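Take a look at the structure set out below.
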Amino acid sequence: MRIDSVQLNETIAASATPPGTSGVALIRLSGPASKAVAAAVFRPQSARFPAADAMPGYTCAPGWIVDPLSTQQVPVDQVVLTCFAAPHSFTGEDVYEITCHGGTAVRQTILDLLYSLGVQPAGPGEFTRRAFLNGKLDLAQAEAVMDLISSAAGKRARAAARQLQGQLSREVQAVRNDLYALLAQLELVLEYPEHEESEQVQVGLMNRLSGAIAQVATLAASFRQGRLLSEGFTVVIVGRPNAGKSSLLNTLAGYDRAIVTPVAGTTRDTVEELVDIGGIPVRLIDTAGLRDTSDLVERIGVDRARSAILEADLVLWLISPPDDWPGDLPQADVARYDTSNLDEELDELRDLAEKTDALLLVAGKDDLASSEPLRDWLAAELPDLPLVSFSAQTLEGLPAIRQAIVARYEQAGSAQADEALVTSSRHKACLDKTLSSLEAASLELSRGDLLDLVAALVRSALENLAEITGDLVSDTLIETIFSRFCVGK
């Protein structure tokens, strides 16, 4: 068996499924020698099926992987081989995918066999990198592949899927087309100065520029919501010790993530959990109970809790009936309860409410007899704060809390299904630079002079937009982006 050594050096293979035991696993082979390598290691199950090098694109064949270097060509595993012929494949090259049994030993044996023939192990994101370099995807679409893989919630996955379909790229290309038309007009005026005297020409230039500014500003503004999908919507649960914060986190998470005991001060540090609430990736943060303490460790936890409050997208402030509130008093007799031990907490709440509207008051332990007087008292003392009740025992109030989280997210601006949503800080930075150049160009154009400077600023805007799709991008940036990918993708 002879396979061109140069082609082998340009052919890569890796497992496209994660480590561990599974029913099946998938090994991907791509490059100029993939057809010859597949033909060397694959034996069709019967004469009904073609050899690997005779398979048309987008067809499958059952058979066996064998070691072609052994004298008896010992079978390694029974597989299904799928062929994607160049250029109609993910990478744009000849691609063969081996669906084998998912045992670790089987998968590694097949990979070792391919590598022994001279195929190179694929690096992180190398298949997607080849798709980008071969023009199958632009850079924004390539980044969406990794976003789709890492999506932990429905809305983020849908946003990544729209970007992979080219939604963001089409929006960016539409702006670029308008700017190229504007630049052509500017070059015409610079070449033939007599056109500059035309008021109609000046108005046309300004209208084109204003339209481009509006388009870029709309895309940049979508990052406010897109960031919450990419980084997670942060919900911080705070309150006094033993208010039931860990129980609330466990209920929202759907399992016992945080330790719950009757002992106050169990949580001494922030506890985080990523959950999907209404399709939104939500970072739930349980915090140490807010109180003055001489315990060094607990004091650090309280400081971290207060820092988390300032960084939260939504604060769930949990107040539960104090332990010394009797449960046998009439439910409506609020005046007979001692509320002095809650006054300091209310002062903190009022202070926080002046700084942010991202605050939801939760009256906890709603299953207790003393919970109704607490709700009445809180509603009277803090009438401007939204208030819900919650019980970890009965799950009372859980739907209202989930709904409040979704509503707060949607206040950031809800993108329609057919609208592009910027989720990458890299894309946002490129859009900000584009907007800065276009606004400077608009200012110069309104002054009616230095049109060569206006043209230079428009060119700068075009270069910044080209960085988003990869039409103008450095090798270093490409390396940085694809290094975040997993091996096999």
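Here segment 114-125 is the region considered, the condition is being touching a residue at least 60 places away in the same chain (Cβ under 8 Å) and either under 18 Å from the mean Cα position of the chain (by Cα) or surrounded by fewer than 21 Cβ atoms within 10 Å (Cβ to Cβ) (or both), and the residue that is nearest to residue 157 (Cα to Cα) is 125.
Yes or no, residue by residue, for (1) polar (S, T, N, Q); (2) within 30 Å of residue 12 (Cβ to Cβ):
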{"position": "136", "(1), (2)": "no, yes"}
{"position": "149", "(1), (2)": "no, yes"}
{"position": "157", "(1), (2)": "no, yes"}
{"position": "160", "(1), (2)": "no, yes"}
{"position": "189", "(1), (2)": "no, no"}
{"position": "200", "(1), (2)": "yes, no"}
{"position": "206", "(1), (2)": "no, no"}
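Screening residue 64 against (1) more than 12 Å from residue 38 (Cβ to Cβ); (2) modelled with pLDDT of 95 or more; (3) surrounded by 19 or more Cβ atoms within 10 Å (Cβ to Cβ) leaves a single unmet condition, (3).
Residues of segment 195-207 include at least one that is of a type in the set (A, V, I, L, M, F, W, C) and under 17 Å from residue 437 (Cβ atoms).
Sort through 169, 116, 151 and tell me the only one that's of a type in the set (Ser, Thr, Tyr) and either touching a strand residue (DSSP E or B) at 6+ places or on another chain (Cβ under 9 Å) or on the phi > 0 side of the Ramachandran plot (or both). Don't jump to the end; show me each part of the working.
Details: 169 fails: either touching a strand residue (DSSP E or B) at 6+ places or on another chain (Cβ under 9 Å) or on the phi > 0 side of the Ramachandran plot (or both); 116 fails: either touching a strand residue (DSSP E or B) at 6+ places or on another chain (Cβ under 9 Å) or on the phi > 0 side of the Ramachandran plot (or both).
151 is the lone residue from the list that is of a type in the set (Ser, Thr, Tyr) and either touching a strand residue (DSSP E or B) at 6+ places or on another chain (Cβ under 9 Å) or on the phi > 0 side of the Ramachandran plot (or both).
Only one residue in 384, 357 is within 31 Å of the chain's Cα centre (by Cα), in a loop (DSSP other than H, G, I, E, B) and over 19 Å from residue 247 (Cβ atoms). Which one? Spell out the reasoning first.
Working: 384 fails: within 31 Å of the chain's Cα centre (by Cα).
Of the residues listed, the single one that is within 31 Å of the chain's Cα centre (by Cα), in a loop (DSSP other than H, G, I, E, B) and over 19 Å from residue 247 (Cβ atoms) is 357.
Residues in segment 442-458 that are assigned to a helix (DSSP H, G or I), within 15 Å of residue 190 (Cα to Cα) and either modelled with pLDDT of 85 or more or not aliphatic (A, V, I, L, M) (or both): 444, 445, 452, 453, 454, 455, 456, 457, 458. Cβ-Cβ distances below 9 Å connect the following pairs, each with a first residue in segment 391-403 that is part of a loop (DSSP other than H, G, I, E, B) and loosely packed, with under 15 Cβ neighbours inside 10 Å, a second residue that is modelled with pLDDT under 90 and among the acidic types (Asp, Glu), and a separation of six or more residues or different chains: 393/366; 393/367; 394/366; 394/367. Checked against the criterion of being under 18 Å from residue 489 (Cβ atoms) and touching a residue at least 12 places away in the same chain (Cβ under 8 Å), the candidates 82, 21, 59, 104 yield just one match: 82.
For segment 144-188, a residue qualifies if it is of a type in the set (Ser, Thr, Tyr), in contact (Cβ under 8 Å) with a residue 40 or more places away in the chain and farther than 21 Å from residue 430 by Cα, and exactly one does: 151.
Take residue 367 and decide whether it is surrounded by 12 or more Cβ atoms within 10 Å (Cβ to Cβ) and either at pLDDT below 85 or in contact with an Asp or Glu (Cβ under 8 Å, 6 or more places away or on another chain) (or both).
On the way: surrounded by 12 or more Cβ atoms within 10 Å (Cβ to Cβ): yes; either at pLDDT below 85 or in contact with an Asp or Glu (Cβ under 8 Å, 6 or more places away or on another chain) (or both): yes.
Yes; evaluated as a whole, the condition is true for this residue.
Apart from one condition, residue 262 fits all of (1) farther than 24 Å from residue 437 by Cα; (2) modelled with pLDDT of 90 or more; (3) surrounded by fewer than 17 Cβ atoms within 10 Å (Cβ to Cβ); the exception is (2). Determine if segment 232-250 includes at least one residue that is at pLDDT 85 or above, surrounded by fewer than 22 Cβ atoms within 10 Å (Cβ to Cβ) and touching a helix residue (DSSP H, G or I) at 6+ places or on another chain (Cβ under 8 Å). Yes, some residue in segment 232-250 is at pLDDT 85 or above, surrounded by fewer than 22 Cβ atoms within 10 Å (Cβ to Cβ) and touching a helix residue (DSSP H, G or I) at 6+ places or on another chain (Cβ under 8 Å).
The values are calculated or read from the model by the stated rules, or taken from the named source; none is laboratory data. Predicted model, so just to flag it, every value in this text is computed and none were measured. All Cβ positions, even for glycine, are placed from backbone atoms using ideal geometry, and neighbour counts span all protein chains on display.
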